[in-house]
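Scroll down for the structure; my scribbles are underneath it.
The values are calculated or read from the model by the stated rules, or taken from the named source; none is laboratory data. Keep in mind that what you see is a predicted model, and the values were worked out from it rather than measured. Virtual Cβ from ideal backbone geometry, glycine too; neighbours counted across all protein chains shown.
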Amino acid sequence: MSAPRPDRTLAPFGRRRLPVVGRETFGPYVVLSVADADGPAPDPGQFAMLAAAERWGGGADGRPFLPRAFSVARRHGDGRLEFVLEDVGPGTERLCELEPGDDVWLLGPLGRGFAAPRDGRRPVLVGGGVGIAPLMIWGDALGGATTLLGFRDAAHAAGAALVPGARVATDDGSAGHQGFVTELLAAELGGDVEVYACGPPPMLEAVRALCAEHDVPAQLALESGMACGFGACFGCVVPTRDGYVRLCVDGPVLDAAALAEVA
Amino acid sequence: MSAPRPDRTLAPFGRRRLPVVGRETFGPYVVLSVADADGPAPDPGQFAMLAAAERWGGGADGRPFLPRAFSVARRHGDGRLEFVLEDVGPGTERLCELEPGDDVWLLGPLGRGFAAPRDGRRPVLVGGGVGIAPLMIWGDALGGATTLLGFRDAAHAAGAALVPGARVATDDGSAGHQGFVTELLAAELGGDVEVYACGPPPMLEAVRALCAEHDVPAQLALESGMACGFGACFGCVVPTRDGYVRLCVDGPVLDAAALAEVA
Amino acid sequence: MAVSFCGLRLDHPIVNASGTFDAIAARRAFGDALLRDFPFSAFVSKTVTLAPRQGNPPPRLWELGAGMINSIGLPNKGLEGYLAHDLPELAALPVPLIVNVMGSSAEDVATLVRAFGEREEVAALELNVSCPNVKTGLLMGADPGETAALMDAVRPHTAKPLIVKLTPNCASPADVAAAAEAHGADAVSLINTVRGMAMDPRRPGEPWLGGGTGGISGPAVRAVALTQVREVRARVDLPIVGMGGVQRGRHAKDLLDAGADLVAVGTESFRDPGAGARVAEELANCEDLVHTQQPAPARIAHDG
Amino acid sequence: MAVSFCGLRLDHPIVNASGTFDAIAARRAFGDALLRDFPFSAFVSKTVTLAPRQGNPPPRLWELGAGMINSIGLPNKGLEGYLAHDLPELAALPVPLIVNVMGSSAEDVATLVRAFGEREEVAALELNVSCPNVKTGLLMGADPGETAALMDAVRPHTAKPLIVKLTPNCASPADVAAAAEAHGADAVSLINTVRGMAMDPRRPGEPWLGGGTGGISGPAVRAVALTQVREVRARVDLPIVGMGGVQRGRHAKDLLDAGADLVAVGTESFRDPGAGARVAEELANCEDLVHTQQPAPARIAHDG
Ligand SMILES: Cc1cc2nc3c(=O)[nH]c(=O)nc-3n(C[C@H](O)[C@H](O)[C@H](O)COP(=O)(O)OP(=O)(O)OC[C@H]3O[C@@H](n4cnc5c(N)ncnc54)[C@H](O)[C@@H]3O)c2cc1C
Ligand SMILES: Cc1cc2nc3c(=O)[nH]c(=O)nc-3n(C[C@H](O)[C@H](O)[C@H](O)COP(=O)(O)OP(=O)(O)OC[C@H]3O[C@@H](n4cnc5c(N)ncnc54)[C@H](O)[C@@H]3O)c2cc1C
Ligand SMILES: Cc1cc2nc3c(=O)[nH]c(=O)nc-3n(C[C@H](O)[C@H](O)[C@H](O)COP(=O)(O)O)c2cc1C
Ligand SMILES: Cc1cc2nc3c(=O)[nH]c(=O)nc-3n(C[C@H](O)[C@H](O)[C@H](O)COP(=O)(O)O)c2cc1C
Ligand code: FES
Ligand code: FES
């Protein structure tokens, strides 16, 4: 096994038990801060597998059992990592109730993050709902970028406060532009841009199709159900033009050109 | 199905969700109070199946799953039920951490309790460890009785405060008489007495053998692993001279004469 | 949600699993309240054998995080004892009675079937075939040929509905179900418990259960039940009683969707004696039928 | 806690379960740290087939309260791809390599066994027999005769240790193990996953998994593994690799007590990639080997 040239920031081998040091809410979203002073600085777009150190299990149908994947949303100089969580099931429910004083198990950083814009293109970041998370750290790294965010309604749009200066669309028009965030994106596709998107599959598919139509490169941060996060289970595959790839090791960021469709 | 003459206080059909209204500790024992104003007054020696209403499961190996059996230790005029718990595993651990504001599921009262002393005999109550629980309510009902309690050490003997006036033995002599509680009992077996005992099997076996030797009647409150508590699973059997009996419906109090041995 | 099953009209599709509810003992504990609020639409007895059985030595129970293992060993009063003592009491139940029987030879089972088939208190019979045939050594319910031979031997002895209770501990319950169907069964029920064991934490190398091995039930076997019910449904047209780990309405719904006609609640009754009625109600009200807290559209879906 | 297994000397008794740890992918994620702290005393590959396989359509995973169901569908590069790309990388691992192979006919398996048997990087072979024989339609590993025939066909092709990986989805894994032993197997491993499925919460009646049914692993199958290992031990003298739901040292201890010689950790590695080493350490230190918090004497015992 010859040492491969790493195409990503490597994770320390083994999960580590880390203290929760902050919890803030932005509308329905919870920003969880975890102190990871000895951990490496993740690449923007990388993720971590998280589980509560206590009481992981015993929720609906006894779940959660496996850890859950979350994009690293921000890293502070002291090693503090921020995650943006939305409570959608037993795993996120449990993580959303953690408070400073509780611990998490963290494995990461994992996966391949965003690549720099090709040929000096102008980055445009597009997020839907909790898909805002990886765009925060990517915007930080880029030193700021045009950011377009779509939310269901004004309540959810409270999450937009996490990216100051972002433009917002809501499905019901209760905040910002009424309509899909792709409508805001369409207006940005004139010049030499590269699009970075994260959000629900229908939004990503709309972004992919739109960028393909305008011949604009795009990098999409996808999701899929993951058991392990480090290539062990082959559970997280998504179909690409080259067949299935494991999102946890070959993604979560995939080049839009590699995908026929986001399903 | 002709209505049988009830030989016990019947339980309402169905478990009921009841609030915890008190929690006190006596050494290693936790006294949990549950408000059950609408429930029937249990017979001394009857028990209830308890489970925490929240977070029942998710402990060691994902347990507990089934409810747990506990003797009713006291009932107050307002329907408040007291249970004396010792943390010995995931079920008792969870119940011991409950506080006022939490709820429990309770099914009961269940089983057959103590019978009045035969022929006006003088009752002598003998308890070992958390086996004190059913003796408390029985002592109340008898209007006081000679009570002998055995504990491992002085720390555990803190439980003796639950029965004012009880005489105590400890294995290590750190409180009361040094030695087994059966040594205190031996001194009581002179006259016409009836013994009521609850405690670990070796203690109950010693009580049974001693009483048999002295031709003194005894009623023993036994334990066994129970899944249901109402005769459904056939899991809680103990061997008697007449074969196996289900402790949850034919006990938990059995006449010592019915047993060849407490194993 | 009244349903019809093998000619029986039932108030709702939830019955008890054999051996997990003793209506006579429950009457002692709960009195007449049990009859008023009887949780099941039919009552299935614990397994009855020709001769009385004491059952296995304790301990008989081991708790799992998601269920339990039992080695009860089918204690029962035997045919005569059952006819004399239990049947009259069970006749007073407000629902039809299904008697579950087992024997270690086809003749034994035939005797039981004939005896119960003659009694008007008995609405149907369930055959517990999780038993080795003393003659062939094969588990009757694990082998299609054994099951066929058993059905041929017992079918002539009653016109009452015969439900064959399949074991999950074989390569293909669907093959066994097909044999049962071809040889005159009126319905199949599944799953029985899954073979399992636990070690005694205090005696290294020794099994905990008095019977050595036991049967797993409860949520741990739910996914097994679902797949076996679906496989059996793909092979037979008979009505199916589905069971295994049902705790909520949506678990019953899954089994019905997989092809069951009735659903039995077993282990969950130990946690909640009224579980049968609760599951029936959750099912009827479509309560709790969705697994996740949030609807699909607004979140990042999980299906890559 | 060094152990010897089929002539291999291993540092401790904990290996990985096939298909639950990809050392090459893990190297991409963790770099050389993986090699330094390699958690297993031997590395078992994911199943390799003659031709490449894409695997099943997603979703491939369903979470249970006590484990998971997978329908991965054995994606792999096929024999040639594996020899060309994977084998050289795996040769750098600090532990012996056991290659797991599967084929839908005895000839396919023989080809795989011969090809890998010739490679000095390969210390032993594991035969995944949870596969239908395309010729007979029978699941190779569910039938003693099929397993015997398979062993007869492949045994002549290598002198390397052959481990037969038994399926739990049959009436008697012990019968299959006995056939494997009689026909030249060097060891058996068990259990593979238990057949199960889940319904899609959003599409009533439709299975969740892309493959329809899947295999249950994790704590939910631990009691099944324990009983099958014990049954197999009672029948064969071969070394046994026991697996199924091992999360802690005491779970490994239980399997060893039941008759296993090695223990494999599978699903737990998904939760904790270092689980193999942790379990080995817990086992060596007799940590966590007792289930309950308090010693027996001072409490009211539970054994009535
Ligand atoms: C690379 C990556 C990055 C991510 N980043 C973020 C992030 O930054 N913030 C964030 O909030 N989320 C993020 N997610 C999503 C997050 O991982 C999921 O929301 C989380 O796993 C849900 O777990 P849960 O237990 O709360 O919900 P679950 O109940 O697991 O449900 C989520 C969905 O899974 C399906 N499902 C339901 N039951 C089951 C079952 N038993 N087994 C399997 N699937 C089931 C359903 O489709 C359901 O809607 C990310 C995911 C990936 C892969
Ligand atoms: C009628 C009756 C009255 C009782 N009254 C009281 C009372 O008033 N106060 C009180 O504190 N206790 C009482 N008990 C005992 C109480 O029910 C048990 O202590 C309790 O069930 C233990 O549960 P646990 O989860 O804490 O411990 P468990 O872990 O369940 O362990 C207790 C014992 O069970 C065995 N065991 C270990 N693992 C398992 C497993 N997986 N499955 C099955 N058995 C296992 C071991 O022997 C262990 O020592 C009573 C019991 C009965 C039957
Ligand atoms: C304690 C116990 C006793 C059982 N006794 C019997 C029995 O006597 N006859 C029978 O056919 N099945 C018996 N079963 C199996 C159940 O009827 C049912 O098939 C199995 O428990 C699966 O359902 P569940 O997961 O809902 O419990 C028993 C199950 C348990 C848990
Ligand atoms: C995701 C996943 C993939 C698996 N792939 C294989 C495989 O390729 N070949 C094989 O023989 N077993 C495979 N198995 C079965 C495991 O090797 C093991 O037998 C089973 O998971 C039980 O162990 P566990 O409970 O510790 O996971 C797989 C299991 C899982 C969970
Ligand atoms: S999550 Fe396991 S391989 Fe990707
Ligand atoms: S505890 Fe179930 S029958 Fe006694």
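Select from the range B:124-158 the residues that are of a type in the set (Ser, Thr, Tyr) and within 18 Å of B:Ala175 (Cβ to Cβ) and list them in ascending order.
Filtering the range B:124-158 down to residues of a type in the set (Ser, Thr, Tyr) leaves B:146-147.
Listed by number, the list holds a single entry, B:Thr147.
What tally of residues in the range D:128-137 results from selecting those that are farther than 13 Å from D:Glu107 by Cβ and within 21 Å of the chain's Cα centre (by Cα)? Please lay out each step first, then the result.
At the first step, the residues of the range D:128-137 found to be farther than 13 Å from D:Glu107 by Cβ are D:128-132, D:136-137.
Retained after the next criterion (residues that are within 21 Å of the chain's Cα centre (by Cα)): D:128-132.
So the count comes out to 5.
When residues of the range B:50-72 are filtered for being of a type in the set (Lys, Arg) and within 22 Å of B:Gly131 (Cα to Cα), how many remain?
We begin by selecting, within the range B:50-72, every residue of a type in the set (Lys, Arg); these are B:55, B:63, B:68.
Those still in the list that are within 22 Å of B:Gly131 (Cα to Cα) too: B:68.
Of the residues in that region, 1 qualify.
Run A:Asp38 past the list (1) outside any strand (DSSP E or B); (2) out of contact with any Phe, Trp or Tyr (no Cβ under 9 Å at 6 or more places or on another chain); (3) away from chain D (no Cβ under 14 Å) and report the number of the one that doesn't hold.
A:Asp38 satisfies all of (1) outside any strand (DSSP E or B); (2) out of contact with any Phe, Trp or Tyr (no Cβ under 9 Å at 6 or more places or on another chain); (3) away from chain D (no Cβ under 14 Å) except (3).
Got a sec? Which of B:Gly59, B:Gly45, B:Gly91, B:Gly108 is within 16 Å of ligand 6 (Cβ to nearest atom) and closer than 30 Å to D:Gln247 by Cα?
Details: B:Gly59 fails: within 16 Å of ligand 6 (Cβ to nearest atom); B:Gly45 fails: closer than 30 Å to D:Gln247 by Cα; B:Gly108 fails: closer than 30 Å to D:Gln247 by Cα.
None of the other options fit; the residue is B:Gly91.
For the range B:71-82, how many residues meet the condition of being touching a helix residue (DSSP H, G or I) at 6+ places or on another chain (Cβ under 7 Å) and either within 16 Å of ligand 3 (Cβ to nearest atom) or away from every other protein chain (no Cβ under 11 Å) (or both)?
Residues of the range B:71-82 that are touching a helix residue (DSSP H, G or I) at 6+ places or on another chain (Cβ under 7 Å), as a first pass: B:71-75.
Those still in the list that are either within 16 Å of ligand 3 (Cβ to nearest atom) or away from every other protein chain (no Cβ under 11 Å) (or both) too: B:72-75.
Qualifying residue count for the region: 4.
Filter the range B:220-263 for residues that are in contact with a Ser or Thr (Cβ under 6 Å, 6 or more places away or on another chain) and either within 16 Å of ligand 5 (Cβ to nearest atom) or not in a loop (DSSP other than H, G, I, E, B) (or both) and give the result.
Selection gives B:Val238, B:Leu247, B:Ala258.
Have a look at A:Gly27, A:Gly45 and point out the one that is more than 14 Å from chain D (Cβ to nearest Cβ), out of contact with any strand residue (DSSP E or B) (no Cβ under 8 Å at 6 or more places or on another chain) and touching a residue at least 12 places away in the same chain (Cβ under 8 Å).
Numbers: A:Gly45 fails: out of contact with any strand residue (DSSP E or B) (no Cβ under 8 Å at 6 or more places or on another chain).
Result of the check over A:Gly27, A:Gly45: A:Gly27.
Against the definition (touching an Asp or Glu at 6+ places or on another chain (Cβ under 8 Å) and over 26 Å from C:Leu34 (Cβ atoms)), how does B:Gly143 come out, yes or no?
On the way: touching an Asp or Glu at 6+ places or on another chain (Cβ under 8 Å): no; over 26 Å from C:Leu34 (Cβ atoms): yes.
No; evaluated as a whole, the condition is false for this residue.
Consider C:Ala92 carefully, then state whether it is at the interface with another protein chain (Cβ under 9 Å from one of its Cβ atoms) and surrounded by fewer than 17 Cβ atoms within 10 Å (Cβ to Cβ). Break it down stepwise before answering.
Working: at the interface with another protein chain (Cβ under 9 Å from one of its Cβ atoms): yes; surrounded by fewer than 17 Cβ atoms within 10 Å (Cβ to Cβ): yes.
Here the answer is yes, as C:Ala92 does meet what is asked.
Out of the residues in the range D:56-82 meeting the condition of being more than 7 Å from every other protein chain (Cβ to nearest Cβ) and of a type in the set (Gly, Ala, Ser), tell me which one is nearest to A:Gly59 (Cα to Cα). Explain how you work it out, then say what you get.
Keep residues of the range D:56-82 that are more than 7 Å from every other protein chain (Cβ to nearest Cβ), which gives D:56-57, D:62, D:71, D:73-74, D:76-82.
Cutting the leftovers down to of a type in the set (Gly, Ala, Ser) gives us D:71, D:73, D:78, D:81.
On the way: D:Ser71: 24, D:Gly73: 29, D:Gly78: 41, D:Gly81: 43 Å.
This residue is D:Ser71.
For (1) at pLDDT 95 or above; (2) in contact with a helix residue (DSSP H, G or I) (Cβ under 7 Å, 6 or more places away or on another chain); (3) over 30 Å from A:Val237 (Cα atoms), each residue gets a yes or a no:
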{"site": "D:Gly210", "(1), (2), (3)": "yes, no, no"}
{"site": "D:Val221", "(1), (2), (3)": "yes, no, no"}
{"site": "D:Glu231", "(1), (2), (3)": "yes, yes, yes"}
{"site": "D:Arg248", "(1), (2), (3)": "yes, yes, no"}
{"site": "D:Asp257", "(1), (2), (3)": "yes, no, yes"}
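Regarding D:Ile216, is this residue touching a residue at least 12 places away in the same chain (Cβ under 8 Å), more than 19 Å from D:Gly67 (Cβ to Cβ) and either buried (at least 20 other Cβ atoms within 10 Å of the Cβ) or touching a Gly at 6+ places or on another chain (Cβ under 7 Å) (or both)? I'd like the intermediate steps shown before the answer.
Numbers: touching a residue at least 12 places away in the same chain (Cβ under 8 Å): yes; more than 19 Å from D:Gly67 (Cβ to Cβ): no; either buried (at least 20 other Cβ atoms within 10 Å of the Cβ) or touching a Gly at 6+ places or on another chain (Cβ under 7 Å) (or both): yes.
In short, no.
Can you run down the residue pairs with Cβ atoms below 8 Å, 6 or more apart or on separate chains, where the first is in the range C:75-104 and within 16 Å of ligand 5 (Cβ to nearest atom) and the partner is assigned to a helix (DSSP H, G or I)?
Filtered contacts from the range C:75-104: no entries.
Given (1) buried (at least 24 other Cβ atoms within 10 Å of the Cβ); (2) within 14 Å of ligand 3 (Cβ to nearest atom); (3) of a type in the set (Gly, Ala, Ser); (4) within 18 Å of C:Thr167 (Cβ to Cβ), where does C:Ala142 come up short, assuming only one miss?
Unmet condition: (2).
Looking at (1) farther than 20 Å from C:Phe38 by Cα; (2) modelled with pLDDT of 95 or more; (3) more than 9 Å from chain D (Cβ to nearest Cβ), find the lone condition where C:Asp272 falls short.
So the condition that C:Asp272 fails would be (1).
Would you point out which residue out of B:Ala258, B:Ala263 is modelled with pLDDT under 95 and within 14 Å of another protein chain (Cβ to nearest Cβ)?
Sole residue among the options that is modelled with pLDDT under 95 and within 14 Å of another protein chain (Cβ to nearest Cβ): B:Ala263.
Hey, does the range C:27-39 have a residue that's acidic (Asp, Glu) and in contact with a helix residue (DSSP H, G or I) (Cβ under 7 Å, 6 or more places away or on another chain)?
yes
Can you pull out the residues in the range C:10-21 that are outside any loop (DSSP other than H, G, I, E, B) and within 11 Å of chain B (Cβ to nearest Cβ)? First the steps, then the outcome.
Of the residues in the range C:10-21, the ones outside any loop (DSSP other than H, G, I, E, B) are C:10, C:14-16.
Listed by number, the list holds a single entry, C:Asn16.
Would you mind finding the one in D:Ala258, D:Ala220, D:Ala234 that is under 23 Å from D:Leu10 (Cα atoms), of a type outside the set (Val, Ile, Thr) and away from ligand 6 (no atom under 16 Å from the Cβ)?
Numbers: D:Ala220 fails: under 23 Å from D:Leu10 (Cα atoms); D:Ala234 fails: under 23 Å from D:Leu10 (Cα atoms).
It is D:Ala258.
Would you say B:Arg122 is of a type in the set (Lys, Arg), at pLDDT 95 or above and away from ligand 2 (no atom under 11 Å from the Cβ)?
Numbers: of a type in the set (Lys, Arg): yes; at pLDDT 95 or above: yes; away from ligand 2 (no atom under 11 Å from the Cβ): yes.
Against the criterion (of a type in the set (Lys, Arg), at pLDDT 95 or above and away from ligand 2 (no atom under 11 Å from the Cβ)), B:Arg122 qualifies.
If I ask for residues that are charged (D, E, K, R) and surrounded by fewer than 16 Cβ atoms within 10 Å (Cβ to Cβ), which ones from the range A:168-189 would you list?
Initial filter on the range A:168-189 (charged (D, E, K, R)): A:171-172, A:183, A:188.
A:Asp172, A:Glu183, listed by residue number.
Look at B:Gly62 and say whether it is within 16 Å of ligand 4 (Cβ to nearest atom), crowded, with 24+ Cβ neighbours inside 10 Å and of a type outside the set (S, T, N, Q). Explain how you work it out, then say what you get.
Values: within 16 Å of ligand 4 (Cβ to nearest atom): yes; crowded, with 24+ Cβ neighbours inside 10 Å: yes; of a type outside the set (S, T, N, Q): yes.
Yes; evaluated as a whole, the condition is true for this residue.
So for the range D:201-208 (the condition being within 14 Å of chain C (Cβ to nearest Cβ) and more than 16 Å from ligand 1 (Cβ to nearest atom)), does at least one residue qualify?
Yes - at least one qualifying residue is present in the range D:201-208.
Could you check the range D:219-241 and list, in sequence order, the residues that are out of contact with any Asp or Glu (no Cβ under 7 Å at 6 or more places or on another chain) and free of Cβ contacts under 8 Å to residues at least 40 places away in the same chain?
Correct list: D:Arg222, D:Ala223, D:Thr227, D:Val229, D:Arg230, D:Arg233.
Just the residues that are outside any helix (DSSP H, G or I) and more than 14 Å from every other protein chain (Cβ to nearest Cβ), please, taken from the range A:138-168.
Looking only at the range A:138-168, we keep the residues that are outside any helix (DSSP H, G or I), and these are A:143-153, A:163-168.
Result: A:Gly143, A:Gly144, A:Ala145, A:Thr146, A:Thr147, A:Leu148, A:Val163, A:Pro164, A:Gly165, A:Ala166, A:Arg167, A:Val168.
Within the range C:22-55, count every residue that is more than 9 Å from chain B (Cβ to nearest Cβ) and more than 19 Å from the chain's Cα centre (by Cα).
Total meeting the criteria: 4.
Regarding the range B:13-22, can at least one residue be identified that is out of contact with any helix residue (DSSP H, G or I) (no Cβ under 6 Å at 6 or more places or on another chain) and either closer than 30 Å to D:Glu268 by Cα or within 9 Å of chain C (Cβ to nearest Cβ) (or both)? If you could, list the steps in order and put the result at the bottom.
Keep residues of the range B:13-22 that are out of contact with any helix residue (DSSP H, G or I) (no Cβ under 6 Å at 6 or more places or on another chain), which gives B:14-22.
Next, from what is left, pick out any that are either closer than 30 Å to D:Glu268 by Cα or within 9 Å of chain C (Cβ to nearest Cβ) (or both): B:14-15.
Yes, that holds for at least one residue.
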